[in-house]
Each structure stands twice: as structure tokens, then as C-alpha cells.
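Read through the structure below, which is laid out as C-alpha cells, and then see the notes.
Read-outs throughout are calculated quantities, based only on the coordinates presented, and are distinct from any laboratory measurement. What you see is a predicted model; the values in this text were computed from it and never measured. Backbone-built Cβ (ideal geometry, glycine too); neighbour counts: all protein chains shown.
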Amino acid sequence: MFFTNFFKKKKTLYSKTNGLSKAEYFEKYHLIKLFDLLREAMELIEEIAIINSDAKFIHFKDVLFEEIYEVKGDNIADFTRIWNWFKPENEWSKYTKSKGIEIGYKIFNITNAWKVDDDFISGTKVFLNNKCGIVIKNENDNNCGIIRWDTPKAIDEENWIGMFGIFKEAGGIIIENSHQFKYINDDGSLKMG
């Protein structure tokens with residue numbers, strides 16, 4: 001069964017299971033529904049493959065299937081590649097067009113909820129220690145976890161790369177994307193005037 005050893009691990013400062021049973025973990029992240037949707041996605045891709053023999057499409061089909069089989073068998077599944085492929089306007093929508101919109105949207109939403117609870121994502125709005133901010137990419141290596149705080153300072157950034165769990169343990173939370181900053185724009189730049 002998937003994730004067998006994942007739930008027997010010693011507790012760390014932060015983990016996705018956070019003391020949850022396997023059933024609770026699957027329920028929290030809607031993983032049973034996700035695996036059902038991934039099976040449907042594979043069926044749709046197989047159907048499209050009957051009429052589409054484009055080499056790039058076939059390559060996508062092959063790596064998608066391999067990834068799905070891998071996450072089904074992993075003890076600690078990482079849905080990042082699937083999350084990436086199912087983002088709007090990425091590979092899934094490119095190859096499935098209107099046939100895959102609904103299923104792609106559902107898969108993206110489930111994997112996005114999983115991803116947001118696992119790591120910093122560029123553009124995510126956060127709150128910690130009575131300050132709001134936005135996660136921006138590190139310009140040097142494209143990693144996420146630099147937080148630009150909503151202050152009038154020209155530069156007010158804090159490096160949280162690789163420390164999402166610690167951020168949450170410190171009381172950090174994800175806030176609504178509709179939150180309006182006072183001093184910064186949604187890209188982290190200082191508002192003018």
C-alpha cells in the first residue's frame with residue numbers, strides 16, 4: 001500500500017502527517033479522489049493518443065504515466081511534477097485542450113492544496129508576527145521562500161527557503177490571495193507614491 005513507512009516515521013518539527021493517521025492524511029489532502037482523477041486522466045490521454053502521434057505528446061504521456069505509477073507506490077509521494085503539469089496553460093491543457101479542462105482543474109486544485117501545505121510557492125501571501133508579506137522567488141536560483149514583507153522599507157525581505165515547516169511552527173499562515181497590501185504590490189515591489 002502507498003505511504004506505508006511514511007506514517008511510521010519519528011515525528012519531526014513539521015511533517016504533512018502531523019500526527020494524522022493514514023486515513024486522516026488521505027482525507028485531509030483528498031488523495032483517494034486525486035488517484036481516481038489521475039486514473040481518469042490516464043484514460044483520457046490514452047484516448048487522445050489514438051489520434052495524436054506527435055513525439056512531444058507521446059513523451060508527455062509516457063512521463064505522466066510513469067510519474068503516476070511512481071506516486072502511487074511511493075512511501076512519501078511528491079506531487080510537485082503533477083502539480084506543475086496540471087497548472088493552467090501547462091502541458092495538460094496544451095495536449096488535452098477542452099477535453100481535459102474539468103479534470104485538469106480538479107487535479108490542479110487538489111495538488112495545489114497539497115503543495116501549498118508543503119512548500120512556499122511564489123505569489124503566496126503569508127502572515128507571521130503581525131506582518132503580512134508575499135513569497136517571491138530567489139533571483140539567483142529560482143527557489144521560493146524569500147518573503148517580502150509589507151513595510152515602507154525599500155528592501156524588507158527575509159529568507160525562509162527550505163523552512164516552510166519552521167515557518168508554520170512559528171505561527172506563520174497562508175492568507176487569502178485577495179489580501180491588499182498597504183506598501184507593496186503583489187509582485188513584491190514597493191508601491192509608488
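So here's what we get for this one:
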quantity: Peptides 159-171, 42-54 ordered by average Cβ neighbours within 10 Å, highest first; calculated: 159-171, 42-54
quantity: Relative compactness, the range 120-193, computed as alpha-carbon Rg over 2.2 N^0.38 Å; calculated: 1.01
quantity: DSSP-defined antiparallel bridges as percent of all bridges, the chain, nearest 5; calculated: 100 percent
quantity: Residue-span extension gain [Glu89 to Asn129] - 0.36 nm each, minus C-alpha spacing; calculated: 10.8 nm
quantity: Segment Ser98-Asn177, length gained on full extension (0.36 nm per residue, minus Cα span); calculated: 25.7 nm
quantity: Over the range 18-116, relative contact order from alpha-carbon pairs under 8 Å, at least 6 apart, %; calculated: 35 percent
quantity: Normalised convex hull volume, the chain, alpha-carbon set, Å³ per residue; calculated: 146 Å³
quantity: Added length on full extension, which subtracts the Cα-Cα distance from 0.36 nm per residue, Asp36 to Ile50; calculated: 2.8 nm
quantity: The range 104-182, relative contact order in percent, only Cα pairs under 8 angstrom and at least six apart counted; calculated: 28 percent
quantity: Distance between modelled label sites at Glu66 and Glu139, nm, 7 Å Cα→Cβ extension; calculated: 3.6 nm
quantity: Relative contact order computed over the chain (Cα-Cα under 8 Å; 6+ residues apart), in percent; calculated: 18 percent
